[in-house]
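Colleague: Can you keep this structure in mind? I'll have questions shortly.
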Amino acid sequence: MNVRLRLDGPKSLMMGDCFRCPRRGLQTVRVGSIIGPGGPGHSDTEVPLYACRACEQDLMAQRAEALLSPVRPYVRAGLHHPH
């Protein structure tokens, strides 16, 4: 099974339920899909994922944080914390 998020793509709006939070019946944005492999003789199945605007913004913030460099910021030599 694969999960594919596409937060920067074209917005596909619809009224419905958010897949992340318990809110129901509001304007949602398609943010990706879950793709499951098909069995012998069957094609893959794709389930679209829709999120409310608040969850979409949270996903975008998580994505931006994940893309940050894991390297610690440069610390000048000679600066020491008192013991």
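Colleague: Could you work out how far apart the two model spin labels at ILE35 and LYS11 are, taking each label as a point 7 Å from the Cα in the direction of the beta carbon, and quote it in nm?
Modeller: For ILE35 paired with LYS11, the spin-label model returns 2.6 nm.
Colleague: Oh, and also: For a quick check: with amide H placed at 1.01 Å from N, whose amide H comes under 5 Å from LEU49's, ignoring anything fewer than 5 positions away on the same chain?
Modeller: For LEU49, whose amide H was placed from the backbone, the distant partners under 5 Å are VAL31, GLY32, SER33, ILE34.
Colleague: Which far-off residues, 5 or more places away or on another chain, put their amide H under 5 Å from the one on THR28, with H placed in the peptide plane?
Modeller: MET14, MET15, GLY16
Colleague: In segment 40-54, which residues have a backbone nitrogen under 18 Å from the label point lying 7 Å from VAL3's Cα in the Cα-to-Cβ direction?
Modeller: 45-54
Here, each number is a calculation from the coordinates, and none is a lab measurement. Bear in mind that the values here come from a model prediction, so they are computed numbers and not experimental data. Ideal geometry is used to build each Cβ from the backbone, glycine not excepted, and the neighbour counts take in all protein chains shown.
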